[in-house]
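To keep things clear, I will list the structure first and then write my remarks on it.
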Amino acid sequence: MTVQEFWDYLIPGIALGALYAVIAIGYTMVYGVLQLINFAHSEVFMVGGFAVLMVFTKIDFNDPSVGMSVLLVLLGFATAGFAGAGTAFALEKVAYRPLRKRNAPRLAFLISAIGASFLLSNLAGKLFGRNNHSLTIPFENKKVFTVMNAQVTVLQVLIVCSAVIMMIGLDLLVNRTKMGAGIRAVAQDAETAGLMGVDIDKVISRTFIVGGLLGGIAGFLFAMNSSVGYTMGFFPGITAFAAAVVGGIGNVRGAMLGGLLLGLVESFSSPLFGEEWRYVSAFVVLILVLMFRPTGILGERLGRTA
Amino acid sequence: MSTIETPEVNGLTQPAAAKPPVTPLLELHEMHVYYGAIQALKGINVTVGEGEIVTLLGANGAGKTTTLRTISGLLSPRSGEVRLNGERIDGIPPHHVVALGIGQSPEGRRVFPRMTVLENLQMGAYRFKSVPKAELERVYELFPRLHERRSQQAGTLSGGEQQMLAIGRALMGRPRVLLLDEPSMGLAPLIVAQIFSIIKEINAQGTTVLLVEQNAAQALKLSDRAYVLETGSVMMSGTAGELLADPRVREAYLGEGAGA
Ligand SMILES: Nc1ncnc2c1ncn2[C@@H]1O[C@H](COP(=O)(O)OP(=O)(O)OP(=O)(O)O)[C@@H](O)[C@H]1O
Ligand SMILES: [Mg+2]
């Protein structure tokens, strides 16, 4: 790999990693409060893409002005965030809460998660067709600047900046607010959190809403980079899940780190090993990390305390 | 002999200790609790009067923890009632029970290991909009060690410190009734004595205490009244003095031989 190639692949790798990080947060937070891998999170991501597609096709924008572009991007964020949060909220109510109220075994949750994932994905296929739809980018995606001769586009800047803002906001929410304290307490010992006055149902609901908001927005950002389709969640979802495990499942900062790492690995794997390794590389890293550190990079322990 | 000290300790609260109080603060009435098909409590009756320290004694598996968990709403009785101030509270979820003024320091301490001491105490005050300063000061006064360690992760505290934190955390919710599940478990005698004297002080400041203990001698010394649970039923109850003097209690729970 030449120096130039390094920079050429580094930048898209960072953008991709930032997206994986944002999606991974949703997996890791839900795992924290429910000890559940929410496999349907990939479809929350997909819903974000479809929601914006539906809104953008209704608006006729051609060569929008800068102000209009900003408004459209904000509209995209709001639509995707709202749709993602709503889907995640409903998902918890329908697919997981009834099981929790009946003290169902872990396996039942997992099956419900996989079932919900297939259902949502194929429902989207039924409603919108099984071909890919391209999402019109509401701005001119020109290069903004170059780093060591490597181009950086408006979309890449948008993806990285919004991902960083979301991650900082989430970190503050989890570590500095009362709501975050409730989420952490439920993750560490749900029963005792209840004894302290935490409404566990409410905390779980809010966790899904927050994770869904981020997942939906990631779906919108991702869709601008590629396209919208009923299977669009599959690969980014499973990679982000791997990222959450690599970082230490249940650990929010670990998810961010894992996401960035897998994005970079995926991006660099094509020049280093060939394009056909692209979708394999993240899982090689997953297995390597788990071999040497079964709890992930920042994970303290799997499972709950006491 | 331990009985020598009891008249003096009981002397402080003699009127309340003499007979069950007229207006009980907390009442368990014919409470039956099951885990699936297994019956853990078989219709127990327990009353705790305002201002009392009442102890629940009993061997392993007698149902002491089950009793406290039911009071806090973590379990629902299949039949029978839990009453606070005469109002039924059974079937109410735990986070509402706390708001009614029942705090618990659970068995095994259960501090939040990856939160600091201060964050754990703040969790105890979760039911309030903001953390009450007066409560925090009171807890730090009762347990100066917690103040020293306030920025330390709770998971790295010693057993005794974790127990202090669990009690302090329960106090942060400003409970009217404090439920303590085996606060002496696994602690050195010196620390146990210290924790028990703090429980006495908490009670003297106006908090009613329902204490679960296996450490019968010391628990009875600080209590007004006590109940003895055996396999889910109340086998004996009375003032602490009566139970300390009872030969069956002495043999089974105070570790004395039959002839002592
Ligand atoms: N989750 C559970 N599922 C089934 N049975 C249980 C459960 N928890 C407790 N039990 C049973 O209920 C009975 C009472 O248990 P409990 O924990 O209340 O006893 P305890 O008096 O607190 O004992 P210890 O002094 O050992 O803490 C025991 O026979 C126990 O095996
Ligand atoms: Mg117990």
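Using C-alpha pairs below 8 Å separated by at least 6 residues, the relative contact order for the range A:23-101 is 34 percent. Tell me the Kirkwood hydrodynamic radius of the range B:102-174 in angstroms, computed as one over the mean inverse distance between distinct C-alpha pairs. Final number for the Kirkwood radius of the range B:102-174 is 11.7 Å. Its relative contact order, with pairs defined as Cα atoms under 8 Å and 6+ residues apart, puts chain B at 27 percent. For chain B, a crude dipole built from +1 on the beta carbon of Lys and Arg and -1 on the beta carbon of Asp and Glu, taken about the Cα centre, is about 800 debye to the nearest 20. As a ratio to 2.2 N^0.38 Å, the alpha-carbon radius of gyration computed for the range A:63-182 takes the value 1.45.
In chain A, the longest principal axis of the Cα atoms and the axis of helix A:252-273 are about 40 degrees apart. Taking Cα centre as origin and charging only the Cβ of basic (Lys, Arg, +1) and acidic (Asp, Glu, -1) residues, the dipole magnitude of the protein assembly as shown rounds to 740 debye. Relative contact order for the range B:102-174: 55 percent, from Cα pairs under 8 Å spaced at least 6 residues apart, divided by residue count. Across A:Ser134, A:Ser267, A:Ser117, mean-square fluctuation computed from a Gaussian network of chain A (C-alpha pairs under 10 Å connected) peaks at A:Ser134. In the protein assembly as shown, the DSSP-assigned H stretches of four residues or longer account for a calculated mean residue ellipticity at 222 nm of -18000 deg cm²/dmol, using -39500 (n - 2.57) per stretch and the full residue count as denominator. Highest average first, the peptides A:232-239, B:162-169, B:187-194 ordered by how many other beta carbon atoms sit within 10 Å of their residues are B:162-169, A:232-239, B:187-194. All alpha carbon pair distances within the protein assembly as shown were sorted into 10 Å bins beginning at 0; the resulting P(r) in whole percents reads 4, 16, 22, 19, 14, 11, 8, 4, 1, 0.
Our estimate of slack between A:Asn62 and A:Lys93, defined as 0.36 nm per intervening residue step minus the Cα-Cα distance, is 7.1 nm. Centre-to-centre separation between the Cα atoms of the range B:212-247 and those of the range A:49-90: 67 Å. Exceedance of the 24 Å cut-off in Cα-Cα distance is limited, within the set A:Lys178/B:Lys200; A:Lys202/B:Lys129; A:Lys178/A:Lys202; B:Lys42/B:Lys200; A:Lys58/A:Lys143, to A:Lys178/B:Lys200; B:Lys42/B:Lys200; A:Lys58/A:Lys143. If only the Cβ of Lys and Arg carry +1 and only the Cβ of Asp and Glu carry -1, the dipole of the range A:3-304 around its Cα centre is close to 960 debye. Applying D = kT/(6 pi eta Rh) to the range B:58-136, where Rh is the Kirkwood radius over alpha-carbon pairs, T corresponds to 4 °C and eta to 1.567 mPa s, the Stokes-Einstein value obtained is 91 µm²/s. When the alpha-carbon atoms of chain A are used, the pair Rg, Dmax equals 19.2, 59 angstrom. Helix A:154-176 sits at what angle to the longest principal axis of chain A, using alpha carbons and giving 0 to 90 degrees rounded to 10? That helix lies at roughly 20 degrees to the long axis.
The numbers here are math on the coordinates, done by the rules we state, and not lab data. What you see is a predicted model, and the numbers here were worked out from it, not measured in a lab. Don't worry about glycine lacking a Cβ; one is built from the backbone with ideal geometry, like all the others, and counts go over all protein chains shown.
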